[in-house]
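Beneath this line is the structure, given in C-alpha cells, with notes to follow.
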Amino acid sequence: SQSNNIDAFTGKFLDYNGQEIDNNLADFKAKIKGNVLEKELSILASQGIIDTKSFDLNKQITRLDLIKMLVNLKGYRPYMSSAASELKINYSGTKGDETYKYLQTAVNYGILDNSGSFNGAEKITREEMIKDIIKLAGFGKLAEAKDIFTLKYSDVSDITPENVGCVAIS
C-alpha cells in the first residue's frame with residue numbers, strides 16, 4: 001500500500017526510493033466518473049493494484065498489466081527481489097528492470113512458472129485472466145480436476161477444456 005510512505009512535510013505519497021509519487025488521481029477520477037464500475041475501480045486504485053497514470057477504460061489488458069495487478073494485489077516489494085531466484089524466463093527487458101522484478105515476484109507467488117518466454121505486450125483473454133487469478137488464490141491444483149465441474153453457461157462450448165476448472169471455481 002502506498003500509504004506506508006508519506007512525506008511528513010508535504011503529505012504526498014513517496015515510493016521506496018523516497019521520490020514523490022504522482023498518480024494523476026484527479027485525471028483518473030475524471031476518467032471513471034459515472035462508470036458502473038467507479039466504486040470498484042476507486043478501491044483498486046486506492047490499494048495500488050491498478051496503475052492510475054496509464055489507466056484507460058477502453059484499453060485491453062496485456063499480460064504484463066495482469067502480472068503487475070496480481071503482484072500488486074498480493075504485495076509488491078521491489079527490495080524482496082534481491083533475495084529471489086534468477087529468472088529463467090525469456091523476455092524483452094534486462095535483468096534488474098521493473099519488469100524483471102515483477103516477474104521474479106510473480107514466480108515467487110506461483111503465478112508464473114520460471115521457464116519459457118514472456119510476452120508482456122500480448123493481449124489477455126478473460127479466460128487467461130481467470131486462470132492466473134485462480135493460481136494466485138491457490139486453487140490451481142483443484143482447477144486441474146476439470147472433470148468434476150459442471151458449467152451451465154450458454155457459451156460453455158467456447159471455454160478451453162483445460163480451463164473449465166478455473167472458470168467453474170471463479
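The values are calculated or read from the model by the stated rules, or taken from the named source; none is laboratory data. Since the model is a prediction, treat every value here as computed from it, not as a measurement. Cβ coordinates were reconstructed from backbone atoms using ideal geometry, including for glycine residues, and neighbour counts include every protein chain displayed. For the accessible areas, the whole protein counts, side chains as well, though only heavy atoms, and no ligand, DNA or RNA atoms are used. Shrake-Rupley method; radii C 1.70, N 1.55, O 1.52, S 1.80 Å.
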request  = Report whether or not L87 is of a type outside the set (V, I, T), in a loop (DSSP other than H, G, I, E, B), more than 15 Å from the chain's Cα centre (by Cα) and surrounded by 11 or more Cβ atoms within 10 Å (Cβ to Cβ).
outcome  = yes
note = Checked pairs for region 127-146, first without any contact (Cβ under 8 Å) to a residue 40 or more places away in the chain, second open to solvent by 40 Å² or more (accessible area, probe 1.4 Å), C-beta under 6 Å and 6 or more apart or across chains, list as I134/I169; F139/I169; A143/I169
Restricting region 97-119 to residues that are under 17 Å from G140 (Cβ atoms) and over 15 Å from the mean Cα position of the chain (by Cα), the residue that is most open to solvent (accessible area, probe 1.4 Å) = D113
query = Is it true that K152 is open to solvent by 70 Å² or more (accessible area, probe 1.4 Å) and either part of a helix (DSSP H, G or I) or hydrophobic (A, V, I, L, M, F, W, C) (or both)?
reply = no
message = Looking at the structure I just gave you, is L70 part of a helix (DSSP H, G or I), at pLDDT 90 or above and within 16 Å of Q104 (Cβ to Cβ)?
response = yes
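One line per residue, one yes/no per condition, for (1) at pLDDT below 85; (2) surrounded by 10 or more Cβ atoms within 10 Å (Cβ to Cβ); (3) more than 20 Å from M129 (Cα to Cα):
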position	(1), (2), (3)
D15	yes, yes, yes
G18	yes, no, yes
I21	yes, yes, yes
A26	yes, no, yes
V36	no, no, yes
E40	no, yes, no
L57	no, no, no
Q60	no, no, no
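For residues that are assigned to a loop (DSSP other than H, G, I, E, B) and in contact with a Leu (Cβ under 6 Å, 6 or more places away or on another chain), tally how many sit in region 99-119.
If we filter region 99-119 for residues that are assigned to a loop (DSSP other than H, G, I, E, B), which is where we start, we get 109-116, 118-119.
Keeping just the survivors that are in contact with a Leu (Cβ under 6 Å, 6 or more places away or on another chain) gives 111.
Count: 1.
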request  = Consider only pairs whose beta carbons are under 7 Å apart and that are at least six residues apart or on different chains; among these, list those whose first residue lies in region 102-122 and is in contact (Cβ under 8 Å) with a residue 24 or more places away in the chain and whose second residue is open to solvent by 60 Å² or more (accessible area, probe 1.4 Å) and part of a helix (DSSP H, G or I).
outcome  = T105/M80; Y109/K74; G110/K135; I111/K135
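Among the residues that make up region 77-84, is at least one of them in a loop (DSSP other than H, G, I, E, B), at pLDDT below 90, buried (at least 17 other Cβ atoms within 10 Å of the Cβ) and at negative phi?
Let us first name the residues in region 77-84 that are in a loop (DSSP other than H, G, I, E, B), namely 77, 84.
Filter again for at pLDDT below 90, leaving 77, 84.
When the remaining residues are screened for being buried (at least 17 other Cβ atoms within 10 Å of the Cβ), the result is none.
No, region 77-84 contains no residue that is in a loop (DSSP other than H, G, I, E, B), at pLDDT below 90, buried (at least 17 other Cβ atoms within 10 Å of the Cβ) and at negative phi.
How about region 120-145: which of its residues are open to solvent by 80 Å² or more (accessible area, probe 1.4 Å) and either among the acidic types (D, E) or part of a helix (DSSP H, G or I) (or both)? Spell out the reasoning first.
Filtering region 120-145 down to residues open to solvent by 80 Å² or more (accessible area, probe 1.4 Å) leaves 123, 126, 139, 141-142, 144.
Listed by number, the residues that qualify are R126, K141, L142, E144.
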key: Which listed residue, of I32, I67, is crowded, with 16+ Cβ neighbours inside 10 Å and either within 18 Å of K123 (Cα to Cα) or of a type outside the set (A, V, I, L, M, F, W, C) (or both)   = I67
request  = Read through the list (1) part of a loop (DSSP other than H, G, I, E, B); (2) free of Cβ contacts under 8 Å to residues at least 60 places away in the same chain, then give the number of the only condition that Q60 fails.
outcome  = (2)
